[in-house]
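The values are calculated or read from the model by the stated rules, or taken from the named source; none is laboratory data. Every value quoted in this text rests on a predicted model; they were computed, and no experiment measured them. Every residue, glycine as well, gets a Cβ built from its backbone with ideal geometry; the counts of neighbours run over all protein chains shown. Areas reflect the complete protein model, heavy atoms only, side chains present, ligands, DNA and RNA absent. Shrake-Rupley method; radii C 1.70, N 1.55, O 1.52, S 1.80 Å.
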Amino acid sequence: MREADGSVAGKSPARLRLTERAHAVVLPVLGPGGVAIDATVGAGRDTEFLAASGARVFGYDVQEEALSQARRRLAAAGLEESVTLIHAGHEDLERHLPAKLLGRVSAAMFNLGYLPGGDKSLVTVPGTTVRALTAASVWLKSGGVISVVAYRGHRGGADEYLAVRHLLDGWRTQGFSVRVEEGLVSTSPVLIAAKKA
Ligand SMILES: C[S@@+](CC[C@H](N)C(=O)[O-])C[C@H]1O[C@@H](n2cnc3c(N)ncnc32)[C@H](O)[C@@H]1O
């Protein structure tokens, strides 16, 4: 159960896992009639969270196994009707979004890396992640939020984090407020949240 202040099941925001913190930062901009993007569907936890808020969700993944898991999760929650699952890379984000949604997306979530228990070769990489984030920033509405959870512990993860960080730091001069939550250990995951003015 999520509370109005972003806490989950009685946990204070400070004690939430980073993926739960990502939910807490996008939650305030979600709601019925909203539109959300899950750029990395994986097992569908973030997709389910976005759909449960009442938003219409467009979810991308390159891995059919991930989409099957997500489909089962959404069906079990009775949320499949409000989600469009797209078997494609997020770098092709705009190709699959209805043109009328340009500038009307409330939130886009990027939970980077690979699917635990899935094909680890199907991992997000800097070039396509940066392309997808750039596209998402254009489709985002004023006041909308992009969240990124970046993992630095796997091969290539630290470079991807640096590429994302460089891109989003640059958004500060383009009217975004950008917040970074980083653990003390250099290999721990990082949450970056960017809100469009
Ligand atoms: C950490 S998992 C996502 C977890 C997920 N959000 C959840 O809630 O369960 C990362 C996912 O990104 C997917 N992925 C890798 N490259 C991608 C790309 N270019 N476009 C979209 N998804 C990609 C992987 O297949 C994997 O399922």
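Which one of Ile37, Ile146, Ile86 has the biggest mean-square fluctuation once the chain is modelled by GNM with Cα springs under 10 Å?
With Cα springs under 10 Å in the chain, the top fluctuation among Ile37, Ile146, Ile86 is at Ile86.
Quickly rank 98-104, 87-93 as a protection proxy: mean count of other C-beta atoms within 10 Å, highest first.
87-93, 98-104
Please report the accessible area of Val125 (heavy atoms, 1.4 Å probe, ligands and nucleic acids excluded) in Å², nearest 10.
70 Å²
So how do 132-140, 40-48 stack up, highest first, on mean other-Cβ count within 10 Å?
40-48, 132-140
Just the number please: accessible area per residue for segment 18-196, 1.4 Å probe, all protein chains included, in Å².
It amounts to 44 Å² per residue over segment 18-196.
Using a 1.4 Å probe, how large is the accessible area of Phe176, given in Å² and rounded to the nearest 10?
Answer for Phe176: close to 20 Å² accessible.
Restricting to bridges with both residues inside the chain, how much of the DSSP beta-bridge set is antiparallel, in percent to the nearest 5?
45 percent
Build a GNM of the chain with springs between Cα atoms under 10 Å: which of Val123, Val185, Val83 gets the top mean-square fluctuation?
Of the options given, Val185 has the highest mean-square fluctuation.
Lysine pairs in the chain 8 or more apart or on different chains: how many have alpha carbons under 22 angstrom apart?
5
Using a 1.4 Å probe and counting only protein heavy atoms, arrange Tyr114, Tyr161 so the residue with the most accessible area comes first.
Tyr114, Tyr161
Tell me the mean residue ellipticity at 222 nm calculated for the chain from its helices only (DSSP H runs of n ≥ 4, each -39500 (n - 2.57), averaged over every residue, nearest 500).
One gets -9500 deg cm²/dmol as the mean residue ellipticity at 222 nm.
Can you list the HN-Hα couplings for segment 67-80, worked out from phi with the Karplus curve (6.51, -1.76, 1.60; θ = phi - 60°), rounded to whole Hz and with x for Gly and Pro?
5, 5, 4, 5, 4, 5, 4, 5, 5, 4, 8, x, 10, 5
Under 10 Å, Cα contacts only: if you run a Gaussian network model on the chain, which one of Ala150, Ala75, Ala24 comes out with the highest mean-square fluctuation?
Ala75
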